[in-house]
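See structure below.
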Amino acid sequence: ADAPEKVLYHVNDSANAGAAMQNINNHLNASPKAEIVVVTHGKGIDFLLEGAQDAQGNPYDARVQALKEKGVQFAVCNNTLKGRKIDPKSVLPEAKIVPSGVAELGKLQAKSGFVYVKP
């Protein structure tokens with residue numbers, strides 16, 4: 001009964017990345033032991049690339065790093081990197097590259113018991 005919840009946050013548009021990260025901070029404040037994975041694909045990967053900034057010019061990397069330090073995992077779709085011809089080396093070191101973002105979404109829900117949240 002005390003097992004931490006396993007929650008998957010799906011980001012496919014980096015315009016929602018700031019809100020997603022705020023949701024995750026709120027989630028961790030309410031449930032510090034939650035296991036959280038952020039899966040990105042399409043335009044959602046953009047905030048996990050080196051030099052990425054929000055609309056106000058604030059860099060994302062420090063916020064990503066702070067969440068990583070709290071145990072949040074970030075996944076970037078390799079299909080998106082290939083399709084958009086983005087060098088995998090430009091992905092922030094806090095994120096891991098997975099073969100397919102959508103396949104990762106399905107796998108975490110079907111095989112690993114994660115619940116789905118779409119901020």
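The number of residues in region 85-119 that are touching a helix residue (DSSP H, G or I) at 6+ places or on another chain (Cβ under 6 Å), in a loop (DSSP other than H, G, I, E, B) and closer than 19 Å to Q65 by Cα comes to 2. Here S31 fulfils each of the conditions (1) closer than 18 Å to F114 by Cα; (2) buried (at least 17 other Cβ atoms within 10 Å of the Cβ); (3) hydroxyl-bearing (S, T, Y) apart from (2). The C-beta contact set for region 41-65 (first residue free of Cβ contacts under 8 Å to residues at least 24 places away in the same chain, second residue part of a loop (DSSP other than H, G, I, E, B), distance under 8 angstrom, 6+ apart or interchain) comprises Q53/Y60; P59/G51; P59/A52. One residue stands out in region 73-103 among those that are open to solvent by 60 Å² or more (accessible area, probe 1.4 Å) and either in contact with a Phe, Trp or Tyr (Cβ under 8 Å, 6 or more places away or on another chain) or touching a residue at least 40 places away in the same chain (Cβ under 8 Å) (or both): the one that is farthest from K33 (Cα to Cα), namely V102. Annotation note: of G106, G57, the sole residue that is exposed (fewer than 15 other Cβ atoms within 10 Å of the Cβ) and under 14 Å from H10 (Cβ atoms) is G106. Give just the number: which of (1) touching a strand residue (DSSP E or B) at 6+ places or on another chain (Cβ under 7 Å); (2) surrounded by 16 or more Cβ atoms within 10 Å (Cβ to Cβ) does S112 not satisfy? Checking S112 against (1) touching a strand residue (DSSP E or B) at 6+ places or on another chain (Cβ under 7 Å); (2) surrounded by 16 or more Cβ atoms within 10 Å (Cβ to Cβ), the one that fails is (2).
The values are calculated or read from the model by the stated rules, or taken from the named source; none is laboratory data. Because the structure is a prediction, the values reported are computed rather than measured. All Cβ positions, even for glycine, are placed from backbone atoms using ideal geometry, and neighbour counts span all protein chains on display. To get the accessible areas, we keep the full protein, side chains included, count just its heavy atoms, and leave off ligands, DNA and RNA. Shrake-Rupley method; radii C 1.70, N 1.55, O 1.52, S 1.80 Å.
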